[in-house]
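These notes concern the structure reproduced below.
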Amino acid sequence: MENDEVIIDLRVLIWEVLRKWHIIALVCIICAVLFGTFSVYRNNVANKEVPIEDLYEELEPAEITKVHNLVSVQDRIDEKAEYAEESIYMSMNPNDVYATRIDFMFNKNPDNKYIRQMYMSYMFDGELYNKIAEQYSGKLEVKYISELIGYMSNGGRTNINDDSEKNYEQGNDLNRLISVRIVGETEEQCLELQSLFSKNVELYVKEVQKKYNNHSVEQTLSKAYHTTDGGVSSAKSSYDSQIVALYNEYQTLYNTLDEDQIALYDELVNPEKIGKEKKEEGLSLKYVAIGILFGGFIAVVVIVLLTMSNGKIFVQRQITNRELARVFGTYGRNKNNTARLILGDIGTDKPSQLDIIVAKVSVYCKKKGFTELTIIDDCATDSGKSQMKHVIDSIEKGGIQCNKITLSEGDTKYTELCGKNNILVIEELGKGTLKELEYMFMQLKDLESEVSGIICVQ
């Protein structure tokens, strides 16, 4: 019997998958073992340590140079990252900054241009920064202090007149003034830095007076005020540009490396981390889980495909959907509660159910003028044969003689069916397949026999 279109009942498909759970479980176990074995092999290969000397021997000088260049770029990236993390200035919000200032005014002295240079060197060349870092209440490295404390330019000279050159030589000019600006995240931080800067300069005055004994300084300290700082925005923008450029350079270099070069790079960049890092060893549960899922998926797909091509008959609607023959009904109740739940209403406990089936058969026989039926026994189990016997006995009680033939005993039985048009098939659900039933109908058709109908038992 040819049928180009395959019709599958979804509930039958689900039940066929569930009833073969043991096959699915077996495939899952096999795949889990295979994937787990692969994970053990993979981890053993990954954990195999190669001495750095061997890596150098395996690479050409040009290849080693590429690795060293990448290490250099990585070092610069790490330095930038450390700077961004530790710098107070980089952590500031440019629109939420506290600032203060100190003005140092020298007395009139012809040597002010030399005195001023001494102060500038002391204040901004590192000596004062080191002292502030030691005295600061929190953690503040010297290299980050210079971002918070800076020299303020005051523009041109104070005495702009005809004899300004004379004033300059006499020290009566901007050489008398040094202005310092201090910024901080908080007002307290800002004032603490101002206080430390001022106190240390006061101590330094005594050192200057040893050389210029007629020298004195007047300090003017401002209060801390809330302001903005465009320098923070510029610093952050410059940092972002630099870090992006470094990452691009890193990625470009990294993409040109092979496995041996990458192994050498890892050893050079993180030798302690690689040595101490606990690598995954032995069996990987991730691979076992993947194996279980993969095995389950493959098993379900195969079962579905086989069911679609040659599925078992679980409900009478599978036969009616194929339009093989008229189905008088299903006798008996499926003893599997799960099957009944999934497959739907495929039977009933009502005693009249068998009576209804027999009544349908009797009406059909009277209409066709049959006084006897040829019964094809397509039951595979003792339970199915017992149900079939009840059906046959009930039909015979209605006055119709039944002659039973079991085809499973051999194809020679088909010779007894030649030219018959009163054939009734009794099919046990859950045992035979649609392919087998279609084959039977093809053989009967070739024998010019006609199937009157089918009764399903379970």
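Structure values in brief
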item: Residues located in the stretch 243-259, provided they are farther than 28 Å from GLU58 by Cβ, free of Cβ contacts under 8 Å to residues at least 12 places away in the same chain and not small (Gly, Ala, Ser); result: VAL244, ASN248
item: Pick from the stretch 324-333, criterion open to solvent by 30 Å² or more (accessible area, probe 1.4 Å) and out of contact with any Leu (no Cβ under 7 Å at 6 or more places or on another chain), ranking: modelled with the lowest pLDDT; result: ARG333
item: Only listed residue being modelled with pLDDT of 80 or more, out of contact with any Cys (no Cβ under 6 Å at 6 or more places or on another chain) and buried (at least 16 other Cβ atoms within 10 Å of the Cβ), chosen from ILE313, ILE346; result: ILE313
item: Flag for ILE395 being under 24 Å from ASP382 (Cβ atoms), among the hydrophobic types (A, V, I, L, M, F, W, C) and open to solvent by less than 50 Å² (accessible area, probe 1.4 Å); result: yes
item: From the options TYR144, TYR129, residue that is open to solvent by less than 50 Å² (accessible area, probe 1.4 Å), part of a helix (DSSP H, G or I), more than 25 Å from GLN251 (Cα to Cα) and in contact (Cβ under 8 Å) with a residue 40 or more places away in the chain; result: TYR144
item: Residues of the stretch 156-192 that turn out to be modelled with pLDDT under 55, farther than 15 Å from LYS108 by Cβ, open to solvent by 60 Å² or more (accessible area, probe 1.4 Å) and part of a loop (DSSP other than H, G, I, E, B), as a count; result: 3
item: Cross-chain or 6+ apart pairs with Cβ under 9 Å, the stretch 281-309 first and within 11 Å of LEU13 (Cα to Cα) and modelled with pLDDT of 90 or more, then open to solvent by less than 60 Å² (accessible area, probe 1.4 Å) and in a helix (DSSP H, G or I); result: VAL300/VAL17; VAL300/ILE24
item: Selected residue (only one of TYR89, TYR122 is at pLDDT 90 or above, crowded, with 19+ Cβ neighbours inside 10 Å and among the hydroxyl-bearing types (Ser, Thr, Tyr)); result: TYR89
item: Unmet requirement for LYS108, which otherwise passes all of (1) more than 30 Å from VAL244 (Cβ to Cβ); (2) open to solvent by less than 40 Å² (accessible area, probe 1.4 Å); (3) assigned to a loop (DSSP other than H, G, I, E, B); result: (2)
item: When residues of the stretch 95-105 are limited to those that are of a type outside the set (A, V, I, L, M, F, W, C) and surrounded by 15 or more Cβ atoms within 10 Å (Cβ to Cβ), the one nearest to the chain's Cα centre (by Cα); result: TYR98
item: Residues within the stretch 360-392 that are open to solvent by 40 Å² or more (accessible area, probe 1.4 Å), within 60 Å of the chain's Cα centre (by Cα) and of a type in the set (Asp, Glu), tallied; result: 2
item: The one condition in (1) over 24 Å from VAL232 (Cβ atoms); (2) open to solvent by 80 Å² or more (accessible area, probe 1.4 Å); (3) among the acidic types (Asp, Glu) that GLU79 fails to fulfil; result: (1)
item: Test for LEU424: is it surrounded by 15 or more Cβ atoms within 10 Å (Cβ to Cβ), within 59 Å of the chain's Cα centre (by Cα) and of a type in the set (A, V, I, L, M); result: no
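Yes or no, residue by residue, for (1) of a type in the set (Val, Ile, Thr); (2) at pLDDT 95 or above:
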| residue | (1), (2) |
| --- | --- |
| PHE197 | no, yes |
| GLN209 | no, no |
| SER216 | no, no |
| LEU221 | no, no |
| THR227 | yes, no |
| GLY231 | no, no |
| SER234 | no, no |
| ASP240 | no, no |
| ILE243 | yes, no |
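The values are calculated or read from the model by the stated rules, or taken from the named source; none is laboratory data. Predicted model, so just to flag it, every value in this text is computed and none were measured. For neighbour counting, all protein chains shown are included, and Cβ atoms are generated from backbone atoms with ideal geometry for every residue, glycine included. To get the accessible areas, we keep the full protein, side chains included, count just its heavy atoms, and leave off ligands, DNA and RNA. Shrake-Rupley method; radii C 1.70, N 1.55, O 1.52, S 1.80 Å.
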